[in-house]
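Read the structure below first, then the notes.
The values are calculated or read from the model by the stated rules, or taken from the named source; none is laboratory data. Note that the coordinates shown come from a computational prediction; the quantities given were computed from them, not determined experimentally. Cβ atoms come from the backbone with ideal geometry, glycine included; neighbour counts cover every protein chain shown.
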Amino acid sequence: MSQCKPVITVDELRARLNQFPRLSLADLPTPLLDCPRLSEALAGPQILVKREDLTGLAFGGNKVREFEYSIAPAVEEGYDVLFHGAASQSNQSRLTAAVAARLGLKAVMVGRKDAHAEPVNGNLLLTHLFGAEVHLIESAEEREKVIKRLKSQGHRVYNTSSDGYYLRSVSYVDGFLELWEQLEAQHIQPDALYVCSGVHTHVGLAVGARAMGIPLRIVGISPSPQKDAAKNAQLAEVANEVTQMLKLDLTFSAADFESYGKYAGTAYGAMTPECREAVVLAARTEGLVLDPVYTGKTFGAMIDHIRQGQFTASQTVVFVHTGGTPALFAYGNEILGTS
């Protein structure tokens, strides 16, 4: 892998990152784990795992690193409610509630009354445990009513999905610098990096790599079915906003991103045979716990690409473990094949 000319030095990029307000929430740096038994089982490349599931707070995950940047404005500007709404087993709801508890703020979670809302376990149990006000609803109108009520009571509501949106990608520019420092210390130049591609982790890693002049193949696996061209265009749009925030002389297009929606299954959160195999294989070869919604599907895609012959035994692939493991407890029957 030949190095391109960087557009900025590491020190300069760190200085620009340091201009953003930042909370101290995560245990950093997270480890970089070698997985030789897994590599042997797949007869494939060396597999390294960047353990973003070990960021520390409330079972960890990539959102802890993201929230260091994205929730800092809420603290600076005096918001008193951290709000989030998604699936009942949302990792982000769990960590929104945990960060609110850490900061002494109120947390409100408005989740979907979906197939994994009962019994109360996994992420949903933790969201309750951290003291969040939890609503499980069936319509967007109900969600808006909750927000309207909170505002009428005088609360300042900070939505951890939409507020501080681009700062979540900025956080993983910093995350890329941390990862690359670890790789350089081991004299490793990886041939590819796999990451679950919602938006922000993928974008931040891509911006960090381009800024450093590193032509690394970054493969994003979507947790939801998608049209890949549209998703890549979305990623490029966010990346261009991040480059402006960091004053980087870079421009991204959809062609600069590689992401796949075909591994998501029929819908977000739906179990697939490839995901189930990945969760079991990682557990039984390395004692590595994946989740069934994000990392399991990304790992399953990586396994598929290895079996397709995309990588040789002499190459190295890095898997970014973005966390989400508490959701596993809501999928026990599906993982074990008893449902």
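Miscellaneous remarks
- Qualifying residue in the stretch 187-196 (condition: in contact (Cβ under 8 Å) with a residue 60 or more places away in the chain, among the polar types (S, T, N, Q) and not assigned by TED's automatic domain parsing to the domain that holds Gly78): yes
- Residue list for the stretch 214-237, restricted to those being buried (at least 17 other Cβ atoms within 10 Å of the Cβ) and closer than 23 Å to Gly324 by Cα: Ile218, Val219, Gly220, Ile221, Ser222, Pro223, Gln226, Lys231, Leu235
- Residues in the stretch 164-207 that are acidic (Asp, Glu) and either modelled with pLDDT under 95 or at positive phi (or both): 0 in all.
- Flag for Gly269 being under 18 Å from Thr30 (Cβ atoms) and surrounded by 19 or more Cβ atoms within 10 Å (Cβ to Cβ): no
- In the condition set (1) in a loop (DSSP other than H, G, I, E, B); (2) among the acidic types (Asp, Glu); (3) loosely packed, with under 15 Cβ neighbours inside 10 Å, Asp163 is compliant with all but (3).
- Residue in the stretch 210-228 that is within 23 Å of Gln19 (Cβ to Cβ), of a type outside the set (Phe, Trp, Tyr) and in contact with a strand residue (DSSP E or B) (Cβ under 9 Å, 6 or more places away or on another chain) present: no
- Residues in the stretch 256-286 that are in contact (Cβ under 8 Å) with a residue 40 or more places away in the chain and among the β-branched types (Val, Ile, Thr): Thr266, Val279, Val280, Thr285.
- Any chance Arg168 is surrounded by 14 or more Cβ atoms within 10 Å (Cβ to Cβ), in contact with an Asp or Glu (Cβ under 7 Å, 6 or more places away or on another chain) and among the charged types (D, E, K, R): yes
- Restricting attention to the stretch 1-53, the residues that are within 14 Å of Leu179 (Cα to Cα) and of a type in the set (A, V, I, L, M) add up to 6.
- For the criterion of being within 17 Å of Val317 (Cα to Cα) and either out of contact with any Phe, Trp or Tyr (no Cβ under 6 Å at 6 or more places or on another chain) or modelled with pLDDT of 95 or more (or both), Pro225 fails.
- Scanning the stretch 112-126 for residues that are of a type in the set (S, T, N, Q) and in a loop (DSSP other than H, G, I, E, B) turns up just one, Asn121.
- The criterion of at least 2 residues that are within 22 Å of Ala206 (Cα to Cα) and among the β-branched types (Val, Ile, Thr) is met by the following helices (runs of 4 or more DSSP H) wholly inside the stretch 250-339: 295-307.
- Selection from the stretch 273-320 of residues that are polar (S, T, N, Q) and crowded, with 24+ Cβ neighbours inside 10 Å: Thr295, Thr298
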